[in-house]
Structure formats: C-alpha cells, structure tokens
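The values are calculated or read from the model by the stated rules, or taken from the named source; none is laboratory data. Since this is a predicted model, take the numbers as computed values, not measurements. Note that each Cβ is placed from the backbone with ideal geometry, even for glycine, and that neighbours are counted across all protein chains shown. Please note that ligands, DNA and RNA were not included when accessible areas were found on the heavy atoms of the full protein model with its side chains. Shrake-Rupley method; radii C 1.70, N 1.55, O 1.52, S 1.80 Å.
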Amino acid sequence: MTLGIWGGRFGTYWMTLFVSTAALLMLGYNESPTIFWVYVSRGGISAASGIVLIATTEWYPSVCRATGTSIAYFVGIIGSIAVTYWTYAYFSTEVIAYGLCILSVISLIPALFLPETVGIDFESLDKPDADFGVSCNTRRVNCCGDD
C-alpha cells in the first residue's frame, strides 16, 4: 500500500516545508510567542534538509553517488549562505519571514519532478540501461488512470 502524495520522501518533505512556511507566516504576522514560531520554522527547514540529503544519495547510481551527493551538498551550502545573509539583513521581521516563506515554497517545486525511491531496487540503478526518467507513476499515484 502506498500513501501517494502523503508518503515517501516527497510527502515528508512537503509536510515539513508546509509546517515551516506556516510558522514563517505566523512570524510575519507578529503572532506571539515569536520565539516559538522561529524554532518551529527552523525545525521544519532542518527536517526538510535532512530528507533531501537522504533522498539525494538514493537518486545516483553507485558509480557516481559520492560525486553527485557532494555536488548537491555544495549547491546546498551556497543556498544556506545566501539565506544567512538574507536573515541578518537590515530588513523588518515581516520582510525576512515572507522572503524565507517564498523560498520554502520555491524549493518545493523541483521536488515535484524528482522520482520517489520507495520500493526501488537500488542495484537496478547500476545497470547501463537504467531508466532515470520521470513518468506518470513516479509519485506512485494513480494520476493517469493507467497506473
């Protein structure tokens, strides 16, 4: 049994980013207690980063897994540096919170097109004719009627 959009790597990534985005919106509206919303949003973003780190190692074949994971990690470090500068900029709390909220939503868009790895035999990724394409059943959801 699969849980569709709610299960697997995508479901957990989507839910943690949703929690962090909601907390950032509450922070932008100056809802009390502010420190609570900061920690909830930080926890959601950290959880989403951990999910992406785990899934990234599964998307690459064994031959280039270390290189692919290192490149993805490097790109993530550049993103975290940019977010750090945004967080400590001389903007109001609302502008910083809304900016981070927008970035959280934008970071979800590439995840819509990445394959789910639940039930995949990872040894099949090492074959020369391995299919890395994204198709209708990538999410394991009956979206086309023929899954």
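Condition (residue is touching a Cys at 6+ places or on another chain (Cβ under 6 Å), assigned to a helix (DSSP H, G or I), in contact (Cβ under 8 Å) with a residue 12 or more places away in the chain and surrounded by 13 or more Cβ atoms within 10 Å (Cβ to Cβ)) applied to region 15-23: is it met by at least one residue? Taking every residue of region 15-23 in turn, at least one turns out to be touching a Cys at 6+ places or on another chain (Cβ under 6 Å), assigned to a helix (DSSP H, G or I), in contact (Cβ under 8 Å) with a residue 12 or more places away in the chain and surrounded by 13 or more Cβ atoms within 10 Å (Cβ to Cβ). Looking only at residues of region 100-147 that are open to solvent by 60 Å² or more (accessible area, probe 1.4 Å) and of a type in the set (Lys, Arg), we find that the one that is modelled with the lowest pLDDT is Arg140.
Here Glu58, Glu31 are screened, and the one residue that is among the charged types (D, E, K, R) and either under 17 Å from Thr12 (Cβ atoms) or within 20 Å of the chain's Cα centre (by Cα) (or both) is Glu58. Out of everything in region 38-93 that is hydrophobic (A, V, I, L, M, F, W, C) and not in a helix (DSSP H, G or I), what residue ends up being least open to solvent (accessible area, probe 1.4 Å)? In this case the residue turns out to be Ala89.
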